[in-house]
Amino acid sequence: KQWYQRRVRGQFNVEDLHPKMLSRLYKRFDTFDLDSDEKMEMDEILYWPDRMRQLVNATDEQVEKMREAVRVFFFNKGVDPVHGLKREDWVEANRVFAEAERERERRGE
């Protein structure tokens, strides 16, 4: 695990989040969990760039760029390409991602 995951673990309690934020995060998870099995999988997430093709008439190249960006973003959010991410881990994964982004910005990356 990365240092920031170790740093956040043990200090983070889901109950400490504002109820509206918690609700918003779970609603977002449920949007991506297309089969409602409480596990977000990369295939479910990659549905959305394909949907862009229908909504805005995107080209194959645009869809492929979006797919790669979405894949990288959600991988960094904790969605494992093989095992996905459980709903129960989603809120903490968002917290870890935010901490990592703050650290990255602090280092000027």
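The values are calculated or read from the model by the stated rules, or taken from the named source; none is laboratory data. No experiment lies behind these values; they were computed from the predicted model shown. Quick note on the areas: whole protein, heavy atoms, side chains included, nothing else; ligands and nucleic acids left out. Shrake-Rupley method; radii C 1.70, N 1.55, O 1.52, S 1.80 Å.
Using a probe radius of 1.4 angstrom, the carbon and sulfur fraction of the accessible surface of the chain is 48%. Under 5 Å from the amide H of residue 58 lie the amide H atoms of 53, each residue being 5 or more positions distant or on a separate chain, with H modelled from the backbone and absent for Pro and chain starts.
Each residue of the range 22-33 was assigned a 3J(HN,Hα) from its phi angle through the Karplus curve 6.51 cos²θ - 1.76 cosθ + 1.60 (θ = phi - 60°); the sequence is 4, 4, 5, 5, 5, 5, 4, 4, 4, 5, 7, 7 Hz, with glycine and proline shown as x.
Note on residue 86: lysines with a C-alpha under 18 Å away, same-chain residues under 8 apart excluded, are 1, 27, 39, 77. Taking 14 Å as the straight-line reach from the Cα of residue 65, the aspartates and glutamates in range (excluding those fewer than 8 positions away in the same chain) are 50. Convex hull volume of the C-alpha atoms in the chain, normalised per residue: 133 Å³. Rolling a 1.4 Å probe across all protein chains gives residue 73 an accessible area of roughly 90 Å². Surface exposure of the chain, expressed per residue as accessible area with a 1.4 Å probe, stands at 72 Å².
Note on the chain: GNM, Cα springs under 10 Å; of 51, 95, 71, the largest mean-square fluctuation is that of 51.
In the chain, Cα pairs under 8 Å separated by at least six residues give a relative contact order of 32 percent.
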